[in-house]
1. For segment 21-82, which whole percent of the accessible surface, found with a 1.4 angstrom probe, sits on carbon and sulfur atoms?
2. Per residue, how much accessible area does the chain show when a 1.4 Å probe rolls over the protein heavy atoms, in square angstrom?
3. Which lysines does LYS43 reach when only Cα atoms under 27 Å apart count, and residues fewer than 8 places away in its own chain are ignored?
4. Report the label-to-label distance for ALA44 and LYS86 in nanometres (one decimal), using points 7 Å from each Cα along the Cα→Cβ vector.
Amino acid sequence: QVQLVESAGGLVQPGGSLRLSCVVSGSIFSRNVMSWYRQAPGKAREFVARIGSAGSTSYADSVKGRFTISRDNAKNTAYLQMNSLKPEDTAVYYCNAQYTNAYWGQGTQVTVSS
């Protein structure tokens, strides 16, 4: 059974940084395309960033230049480094793993507020 476990989010001041991690078990991690999505209150879930099995990356325009997605295949872990955080980044962040099927983490709350 594939499981995704995300690290805790938290409360961060505007301009601050936070790193999320997502540990995947039950799957051959290196084959997965790993993505991060987020969902703000009252809004639909939206794409944030993606990293392919070979390491290629893509980002939503709203986070480009501020967020960095990475992966460590030896640790079965994907990361999302978030810098220069803004209040509009406040959301529940979800990790997604996709190979033949798509799997989701439980979500972690990130709040950007002074």
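The values are calculated or read from the model by the stated rules, or taken from the named source; none is laboratory data. Everything numeric here is computed off the predicted structure, so don't read it as measured data. We place every Cβ from the backbone using ideal geometry, glycine too, and count neighbours over all the protein chains shown. Quick note on the areas: whole protein, heavy atoms, side chains included, nothing else; ligands and nucleic acids left out. Shrake-Rupley method; radii C 1.70, N 1.55, O 1.52, S 1.80 Å.
1. Reported share for carbon and sulfur atoms: 49 percent.
2. 52 Å²
3. LYS43 reaches LYS64, LYS86.
4. In this crude label model, ALA44 to LYS86 measures out at 2.1 nm.
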